[in-house]
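Encoded as structure tokens, the structure appears first; notes follow it.
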Amino acid sequence: MFSWIFIFWLLQIPKLVSAFTFKISRCYYIITEEFHHEGDFMIGAFFPLHTFYTEKKMSHSTIPYKYLDGYVQYNFKNYQYILALQFAIEEINGNPNLLPNISLGFDFYNVRFTEKDTLMNAGIWLTSHVHKMVFPNYTCGKKKFTAALTGSSWMASAQIGTLLHLFKFPQITFGPYEPILSDRGQYSSLYQMAPQDTSLTLAIVSLIVHFRWLWVGLILPDDHKGNKILSDFREEMERKRICVAFVKMIPATWTSYFAKFWENMDETNVIIIYGDIDSLEGLMRNIGQRLLTWIVWVMNTEHHVLEISDYFMLDSFHGSLIFKHHYRENSDFTKFIQTVNPKNYPEDIYLPKLWYFFFKCSFSDINCHVLDNCQTNASLDVLPSHIFDVAMSEESTSIYNGVYALAHSLHEMRLQQLQIQPFENGEGMVFFPWQLNTFLKDIEVRKNRSLYWRQTIDVEYDILNLWNLPKGLGLKVKVGSFSANAPQGQQLSLSEQMIQWPAIFSEIPQSVCSESCQSGFRKVSQEGKAICCYNCTPCAENEISNETDVDQCVKCPESHYANTERNNCLQKSVSFLAYDEPLGMALASIALCLSTITVFVIGIFLRHRDTPIVKANNQGLSFILLITLTFCFLCTLNFIGQPNTSACILQQTTFAVAFTMALATVLAKAITVVLAFKVSFPGRMVRWLMLSRGPNYIIPICTLIQLLLCGIWMATYPPFIDQDAHTEHGHIILLCNKGSAVAFHSVLGYLCFLALGSYTMAFLSRNLPDTFNESKFLSFSMLVFFCVWVTFLPVYHSTNGKVLVAMEVFSILASSSALLVFIFGPKCYIILLRPDKNSFNHIRRKQHTRRKNSPKI
């Protein structure tokens, strides 16, 4: 890089010196509007090579439209047009197989940017031709006119075409393809050499997509063509989900104070510029002056780097990407340029100016077309490419092909005339120019392509990268190509390592409205903005995104869960209320301890079975209740461990049957107490119930009812193994689904009904006189039982997973413990700690005291 900079500044030294020592001769500013290259058949060439401008518009006193302070400005970059025309004519004139014994020539007329000057030059040339049409015997100079070659601006071609259309005069344009000029009703004899840009928008958008530029600006001419290409760009970009940061339309009349145009230019790093050279001239000059060095310009037109002596190293267009129609390089044209000099082409009015300005020749004092003190080896090919490019441009290629198209048309016409009537000695071709239209429509130019076919073919584009650092280098390097006919995915070809980006970037530039959303996040559009402008929000619970810039996160399957970064789904581990877990171990230990205590109580009662406190309140029912409570404690073990179908069925049936028997036993004990105190009163029914032990039948009856409910439940909607994938993160909890919520609540309701009945009977007998009346303890235990299960219901509906199972186990243990503690706790206390109260003597003394203290009636 430093070596380039050194060479660049070294090259600038002569320029700096000459800026102070070199005085421009007056001959440099003397220029005519036309010159001629003689031939048998003449082509009218209308090219924009120089223009006049004035600063104060000081009008001439006698000559209209002439200013005293007028200056001439040369566009030497367009001089290649004349060389391409000259090169094609010399090739054709030297080809014995094409137009033998006939030479082509041209009349050059400079095209200015005003309609008046353009029509005036076209009128002068056409008038001389019409004069020959009116007076066919007029043979001065023996020149015959064939066609007009116009460009590069479509506007100039349209202005000239309007005039030529009146005479059906053939007109060939070499500028960019313009749909308006294809109107045969308005321009019946106009032929465009440039192919249509049918694939340009696709090519540019493909490049944008390749580099993932999602936020780009558009600068287009404010005319019908700009509006059409804007519609094409919007359609293609919308299809590829690329957003337009802004659209700026270039006004027809460019003004330097058009400040509003430059607003928001810093919103994006990539801007597409579309238009022809003429419409973009003012824009390019302004961009160069503003040093917008952070923007990658994507253009369809080669930027003509103007020779401005600002001596800046940086250039706004360095790193630009240019789309250019692909043409085969013509090496003969480069060799031809090496031979061009003012001596070989004395009629050329621009060559002396070029040699004078760039090779420091001097004009002769006698004639401004004669040069002195010139270098013998001076040649245009030694000039830097930004001043004069020896490679044939698109416009020059169109000129070259247009001249050949015209030559082939003349050749076909000549052959047709010879077939009809051979020429006599000294007689040449005689025709009217409008007769060429028939041949121009069908003629095959080089590569066997017809004029109309060239307009509709899907062309291939070369992608050029502008290297202009340091400023003035001006190299255009081919870095890729685009072919619409290639298979999908292979249309764009790029050599990224060859691309030089603007100096501010050390790698491929990024152009986005919002930074990419990384994996684990999704895009949320910003209200009122383009879809490329968004915020990044984390994926929801159990959702992931493993790509960047996703619109929606993907929900993990039920068997998986999202990791912490939410960019991957992990397999959930199977979990259940196991014995090796602290909770399962604690519940199992409590159940075993309580069942052991119950067995211990049974042992105490068996050992003291002959004592009054054991015999009181139906000894047999007490043993049944203790055995049933043992099963109630042990049935909770069905809820712990890995569930299976048998365990799920046993959970509910053993729990329901065991608790039904326990509650039925309590009910039988309460009824027994009530009946025992009513036996002193007359009543056969009461006496029969006591003698036949009728209350004991309550247990099987109530149990059968519960078995019937359970049978219906198991036959219709039995419990089954279910999975809970939501309660515990990263785990699938195996548990037993009740199968039927109605059946489960029916079983619980029946148990509560028994508990309520037992509580009612025990409450009614709480004040009956008896030494060991347990009615108070029965009522309190039923009250606790009822509270436990009423509390369980809302908890059951508000919890899930292992907590739900643990709560059900806890409710079974708590309610069973209430029965054990409140019914048998006081009795064990008396048996173990107050044995003096557990004797018949104590009972007699207590009854004697009660009778003594009772009032006499």
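Listed values, structure above:
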quantity	calculated
For the range 543-648, alpha-carbon Rg and Dmax in angstrom	25.6, 85
Residue-level accessible surface for residue 554, protein heavy atoms, 1.4 Å, Å²	90
Potential lengthening between residue 729 and residue 330 on full extension [0.36 nm per residue; Cα-Cα distance subtracted]	136.5 nm
Order by protection proxy (mean Cβ within 10 Å, highest first), peptides 698-704, 646-652, 155-161	155-161, 646-652, 698-704
Nitroxide proxy distance, nm - points 7 Å out along Cα→Cβ at residue 535 and residue 701	7.1
In nm, spacing of pseudo-spin labels at residue 760 and residue 415 (7 Å Cα→C-beta vector)	12.2
Within the range 331-422, GluC sites (Glu not before Pro) in DSSP loop having at most 15 other beta-carbon neighbours inside 10 Å	347
Solvent-accessible ranking of 657, 821, largest area first, probe 1.4 Å	821, 657
Pair residue 585, residue 168: separation of 7 Å Cα→Cβ label points (nm)	10.9
Cut-off 14 Å between beta-carbons: net charge of the residues surrounding residue 277, Lys and Arg +1, Asp and Glu -1	-4
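The values are calculated or read from the model by the stated rules, or taken from the named source; none is laboratory data. Bear in mind the structure is a predicted one, so any value in this text is a computation, not a measurement. With ideal geometry, Cβ positions are generated from the backbone for all residues, glycine too; neighbour counts draw on all protein chains shown. Heavy atoms of the whole protein, side chains included, go into the accessibility calculation; ligands, DNA and RNA do not. Shrake-Rupley method; radii C 1.70, N 1.55, O 1.52, S 1.80 Å.
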